[in-house]
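The values are calculated or read from the model by the stated rules, or taken from the named source; none is laboratory data. All values derive from a computational prediction rather than experimental measurement. When we count neighbours, we look across all protein chains shown, and the Cβ atoms used for this are built from the backbone with ideal geometry, even at glycine. Heavy atoms of the whole protein, side chains included, go into the accessibility calculation; ligands, DNA and RNA do not. Shrake-Rupley method; radii C 1.70, N 1.55, O 1.52, S 1.80 Å.
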Amino acid sequence: MGATGSSQSSSSSSGGGGSYPGANATTQQRQSQPAPRPSQPSLPPTQQPQRQANSLQGIGTRQNRTPGAFSVSGPAQYQVTIPPGVRPGQTFQVSINQQRVLVRCPETMRPGQELRITLPRNGSGAGGGGAGAGENATAGNPNSPGQQAYTVTIPQGVRGGQQFRVTVNGQNLFVTCPPNARPGSDVRIFPPEPPAQQSQMYEVVVPAGVRSGQPFALVANGQRVLVTCPPNAGPGQKIRFLLPTSLGKDQIDSVKLKYDKEGWSRCLGTDLKFHWFRNETEEGEEGKEEGKEKEEGKEKEEGKTDSTSSFNVKTASYVRKLTYDSSSNVSDLVLVPATEAVSETSCRGRDGKNLVTYQELAAQTSKPFSEKVKWFQKKCLDLRTPWEDDHTFIFIRRTHLMDDAVKAFMMMDPEKMQNMLRFEFIGEPGIDAGGVAREFFQLTSEQVFHPDFGLWQYSAVNQMCMQINAASGMALEDHLVYFRFIGRLLGKALFDGQIVATHMIRHLYKHLLGWPLMFEDIEMIDDSIYRSLMQMMDIDDIEMLCLDFTVTEESLGETKVIELVKDGANVDVTNDNLKEFMEASLKYRILERVKPQLKEMLQGFYEVVPEPLLTIFDFQELELLMCGLPDISIPDWKLHTEYVGHYESKKANHKVTAWFWEVVEGFSQELRARLLQFVTGTSGVPAQGFACLQGNDGNIRKFTINSINLSSSIFPRAHTCFNRIDLPLYTSKEQLRDKLTLAVQMEATGFDID
């Protein structure tokens, strides 16, 4: 908040006073009427009325405060000298930070004496820093002191406000033409500083089978990188690329984010951004029979996906891509092949400097979950606005919890979402020292995710998990505003180290992380649809089913026909286009069906948490981070477990099952939660305990241990739809511990899920 023209500041010879930070600063305040819930889904949250105050004076007592969010900016103090001729009680004008401020001379002071005044801090923030390569350069004024200026000539045909491309020191930059400049005139620009790393030129031969625009992986200087084949190059031709060389050998080797989840890793590209890479060989080596490994390895080799290859249900993978407009709002949400997806490797802190680097992110990825959490919370603390600079009070009525919570969160500008929040239930004496905040996030997440509210519904596979209700617009007219609120709620809980009461379906955590989504993710959305689609691959003549490129959705008695492609109702599914049908079905199930809601939720989430900070986690870890480690009762778990196969007669007394429970009892809470994720698909435990564990049909399906021979698999296998683990007949407790621990830690959905 900055002081406005001719605003009057309070002053004193002792430097202010007041019982609260900022109590002596006066600011212009927009009044916020107790408005109903937002009713226009397209209304950006930044246009919601925002009431700002610098003290609690004037906003009511505990009994009559107005619900909403109230920003309290800390004071900034300045020394001024009272000019000659000014008498006590008179006002005089001073200029501070290029703003005119009126100051009243205290009764006890005279001209020539120094006076300390208190003003609200300027809301422009620290700013600073330049854009990265390929981003915008600043025309007119430097971004930081001492930044080098360059003069460029505006090209012909460029008008004021339009952008044109220039190259400075090897950087491709976009410059916005000033409104008063014309083609042919010179303007000064201040490009971002080039990366600190020195670069080395490499020359490679484009491998066979690589087409123009297609990325391929190689190893340069001991580092795995992705290189994109230039448009004018082809197999057998030599191309050159630059690679940073200032990193040491150990650091170079560490610039790879290896998750051991579904075979995916992130590696550094020549653009200094992270790219997804799937190591099919490593995945095949884990827990697969030799013959099966060779067979699947051949299929994967033939079906490696890229933007131009044929769709393959075993290997096709997509990552959501967000496009932002000039106002930092998400303008589009699409799926792109995983090999084309990129993610940022750094983000800026409050001081405008890099908060993290790709070396730091890569180093954190390989650390234990507990250490990752500590690092993440430390970075969030670095981003948090200090209390004395700015903080926000949230006043809500317990009887109108959802209305007031949505109103308060949507009143705040995005930059305020990293403020420290203090919650108060109006009319209650509780002081928020952490407990009120925990209650707020608990109660609010319970209500907004409850199926009766209409925005979410139980997963068709696991009723411990919630999925977005595609027909949420029929339940609430302003449902998209609520999904933006949900994104902010989840992001703020994560940012502040709070937990939410509800688990989401697995692929939503993947969307939050920008993680590759595959055909098997449909199984966790709707097992029956997944099996039906997979069975279609085995039908000799698919035209016998008389299908077209449409799906039918039913909600509240209303039936809708959705076209999967343009004019899909007139496109029959044939053997020739079956792969296209499978691809369209995948995209519809994991994105298009709930695209408007998901777009708003992601927008709200990233208004709080910078996406690069999340790259150190996999999607299982993100669930644990957001929902907390469950309090798992081993006796209750053991009591409500069923046994099948060789284990059926002796149950928990069988040698192998006895070893199993001994190993689980020795697990940490984290590993127990990961075991639950491995077998059931989520770390959540029903409130009534394991006796109420549900399967994909909504019926009670207790945790089940089934026996299999070691010749079938040396690793445990999971059947998440049936809450069943296939446990091999191990010959020793140590063997069981090693293989089970490896399975739950390194595979997100098990080594062999059917």
- prompt: How much of the accessible area of the stretch 382-477, in percent, comes from carbon and sulfur atoms when a 1.4 Å probe is used?
  reply: 51
message: Counting only other residues whose beta carbon sits under 12 Å from that of L629, what net charge do I get with K and R as +1, D and E as -1?
response: -2
- prompt: Quick one: if you stick a label point 7 Å off each Cα along the C-beta vector at S185 and Q113, how many nm between them?
  reply: 5.2
- prompt: What shape does the stretch 528-580 take by its C-alpha gyration tensor, where a ≥ b ≥ c are the square roots of the eigenvalues and a/c under 1.5 counts as rounded, a/b above b/c as prolate, and the rest as oblate?
  reply: oblate
query: What is the calculated FRET efficiency for L102 to E388, with r their C-beta to C-beta distance and R₀ = 25 Å, to the nearest 0.05?
result: 0.50
- line: For the stretch 580-697, the percent of accessible surface on carbon and sulfur atoms (probe 1.4 angstrom, ligands and nucleic acids excluded) is 48
field: Phi-based couplings in Hz for the stretch 718-730 (Karplus 6.51, -1.76, 1.60; Gly and Pro marked x)
entry: 10, 10, 5, 5, 10, 6, 10, 10, 8, 9, x, 7, 5
query: If you roll a 1.4 Å probe over the heavy atoms of the protein chains, what accessible area per residue do you get for the stretch 628-684, in Å²?
result: 42
- request: Could you calculate the contour length gain from E665 to H450, that is, 0.36 nm times the residue separation minus the distance between their Cα atoms, to one decimal place in nm?
  value: 74.1 nm
message: Amide H of C465 versus every other amide H placed in the peptide plane: which residues, excluding those fewer than 5 positions away on the same chain, fall under 5 Å?
response: S459
field: Karplus-derived 3J(HN,Hα), 6.51/-1.76/1.60, for each residue of the stretch 507-523, Hz, glycine and proline x
entry: 5, 6, 5, 5, 4, 4, 8, x, 8, x, 10, 10, 4, 5, 5, 4, 4
- prompt: Can you pick out the pairs among K587/K702; K407/K492; K560/K587 whose Cα atoms lie more than 22 Å from each other?
  reply: K587/K702
- prompt: Residues with beta-carbon under 13 Å from that of M109, excluding M109: net charge, scoring Lys, Arg +1 and Asp, Glu -1?
  reply: +2
field: Additional length obtainable on full extension of the chain from N354 to Q156, 0.36 nm per residue less Cα span
entry: 67.7 nm
field: Distance between modelled label sites at M537 and A217, nm, 7 Å Cα→Cβ extension
entry: 2.1
message: For a quick check: with amide H placed at 1.01 Å from N, whose amide H comes under 5 Å from S331's, ignoring anything fewer than 5 positions away on the same chain?
response: T323, Y324, D325
field: ³J(HN,Hα) computed for each position of the stretch 673-678 - Karplus, 6.51 cos²θ - 1.76 cosθ + 1.60, integer Hz, glycine/proline x
entry: 5, 5, 5, 4, 4, 4
message: Under 5 Å between amide hydrogens, which residues at least 5 positions from R348 or on another chain qualify, with H placed 1.01 Å from N in the peptide plane?
response: L355
